[in-house]
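Here the structure comes first, spelled out in structure tokens, and everything after it is commentary.
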């Protein structure tokens with residue numbers, strides 16, 4: 001036991017709980033220059049919330065991969081590091097400006113890496129046991145000198161034209177640039193046809209009651225039933241940021257629809273709700289209708 005009367009595991013959990021709103025940074029791309037690598041190693045050793053996946057890339061022979069397998073190798077190496085992070089909340093993948101074709105390709109493919117990591121953090125059938133918080137992944141692309149001078153939180157994101165990936169948003173379909181955070185972030189929890197079970201949905205719904213990281217939740221085409229829908233009903237009563245919820249083509253019946261209908265009577269943030277393709281009959285439909293009569297903000301129901 002420590003001098004504080006806590007075991008190492010308890011101290012680690014205490015630290016996580018006290019810093020849960022702080023992002024965790026993971027270096028995922030850097031020119032293969034020894035001085036840069038040394039500095040990244042130093043930062044990751046001296047800061048609990050900084051991790052270095054670039055080291056693992058070097059050690060795994062990542063540099064010797066070719067066009068046919070490098071993206072899969074990159075995903076695997078970064079996921080190995082991310083999966084070792086204790087109770088992740090917000091994860092920011094960091095790319096260092098510079099380098100040759102490899103670094104440019106990584107910049108072009110970063111959105112695919114973000115999507116891959118985001119979905120890996122929500123393993124179907126295991127969320128009830130593994131999720132302590134709703135995990136969210138974003139990325140930033142920085143200059144090495146700026147990083148050393150100002151630290152990761154205050155480093156400005158390098159911009160090229162309309163964005164670093166291309167297109168007006170620079171972050172692909174789901175990521176938008178956040179000027180305050182100086183990172184490309186997502187407001188979407190996007191898990192359609194992901195194998196999400198009823199128990200998984202119960203966990204997500206319970207976390208949404210107090211966690212407002214996401215404005216939009218896509219869970220269509222999964223295996224969500226009444227228990228999950230009831231949990232989302234409770235979330236809609238408390239969450240003030242959720243604007244879009246898709247539970248279409250699941251296994252929701254009247255019990256779940258009644259819970260959502262009652263929540264709609266009080267919810268003031270939701271703009272769009274998808275429930276089509278479920279097994280909702282008269283009782284559930286009536287409850288949804290009553291909710292719509294009192295709801296003043298919902299604009300679209302499918």
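The values are calculated or read from the model by the stated rules, or taken from the named source; none is laboratory data. Small disclaimer: the values here were computed from a predicted structure and weren't measured. Here Cβ is always computed from backbone atoms with ideal geometry, including for glycine, and neighbour counts include all displayed protein chains.
The rows are residues; the columns are (1) touching a strand residue (DSSP E or B) at 6+ places or on another chain (Cβ under 7 Å); (2) exposed (fewer than 14 other Cβ atoms within 10 Å of the Cβ); (3) modelled with pLDDT of 85 or more; (4) outside any helix (DSSP H, G or I).
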site: 5; (1), (2), (3), (4): no, yes, no, yes
site: 14; (1), (2), (3), (4): no, yes, no, no
site: 17; (1), (2), (3), (4): no, yes, no, no
site: 22; (1), (2), (3), (4): no, yes, no, yes
site: 25; (1), (2), (3), (4): yes, no, yes, yes
site: 31; (1), (2), (3), (4): yes, no, no, yes
site: 37; (1), (2), (3), (4): no, no, no, no
site: 57; (1), (2), (3), (4): no, no, no, no
site: 63; (1), (2), (3), (4): no, yes, no, no
Selected residue (only one of 113, 93 is buried (at least 16 other Cβ atoms within 10 Å of the Cβ), in contact with a helix residue (DSSP H, G or I) (Cβ under 7 Å, 6 or more places away or on another chain), in a helix (DSSP H, G or I) and at pLDDT 80 or above): 113
Among (1) closer than 24 Å to residue 79 by Cα; (2) modelled with pLDDT under 85; (3) within 19 Å of the chain's Cα centre (by Cα) - the single one residue 164 does not satisfy: (3)
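Residues are listed down the side, and each one gets a yes or a no for (1) free of Cβ contacts under 8 Å to residues at least 40 places away in the same chain; (2) outside any loop (DSSP other than H, G, I, E, B); (3) closer than 27 Å to residue 176 by Cβ:
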position: 217; (1), (2), (3): yes, yes, yes
position: 242; (1), (2), (3): yes, no, yes
position: 256; (1), (2), (3): yes, yes, no
position: 261; (1), (2), (3): yes, yes, no
position: 269; (1), (2), (3): yes, no, yes
Restricting the stretch 73-90 to residues that are closer than 23 Å to residue 134 by Cα, modelled with pLDDT under 85 and in contact with a helix residue (DSSP H, G or I) (Cβ under 9 Å, 6 or more places away or on another chain), the residue that is surrounded by the fewest Cβ atoms within 10 Å (Cβ to Cβ): 86
Residue count for the stretch 271-283, restricted to those that are assigned to a loop (DSSP other than H, G, I, E, B) and in contact (Cβ under 8 Å) with a residue 40 or more places away in the chain: 1
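Answer with yes or no whether residue 203 is touching a strand residue (DSSP E or B) at 6+ places or on another chain (Cβ under 9 Å) and not assigned by TED's automatic domain parsing to the domain that holds residue 133. Please lay out each step first, then the result.
On the way: touching a strand residue (DSSP E or B) at 6+ places or on another chain (Cβ under 9 Å): no; not assigned by TED's automatic domain parsing to the domain that holds residue 133: yes.
Taking the combined requirement at face value, the residue does not satisfy it.
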Every residue from the stretch 70-90 that is in a helix (DSSP H, G or I) and within 17 Å of the chain's Cα centre (by Cα): 75, 78, 79, 80, 81, 82
Residue list for the stretch 126-142, filter: more than 12 Å from the chain's Cα centre (by Cα) and at pLDDT 85 or above: 126, 127, 140, 141, 142
Selection status of residue 252, farther than 30 Å from residue 175 by Cβ, buried (at least 19 other Cβ atoms within 10 Å of the Cβ) and out of contact with any strand residue (DSSP E or B) (no Cβ under 8 Å at 6 or more places or on another chain): no
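Among residues belonging to the stretch 101-125 that are free of Cβ contacts under 8 Å to residues at least 24 places away in the same chain and over 14 Å from the mean Cα position of the chain (by Cα), point out the one that is nearest to residue 195 (Cα to Cα). Walk me through it before giving the result.
Step one: of the stretch 101-125, the residues free of Cβ contacts under 8 Å to residues at least 24 places away in the same chain are 101, 104, 123.
In the following step, the residues that additionally are over 14 Å from the mean Cα position of the chain (by Cα) were identified as 101, 104.
Details: 101: 37, 104: 34 Å.
By that ranking, first place goes to 104.
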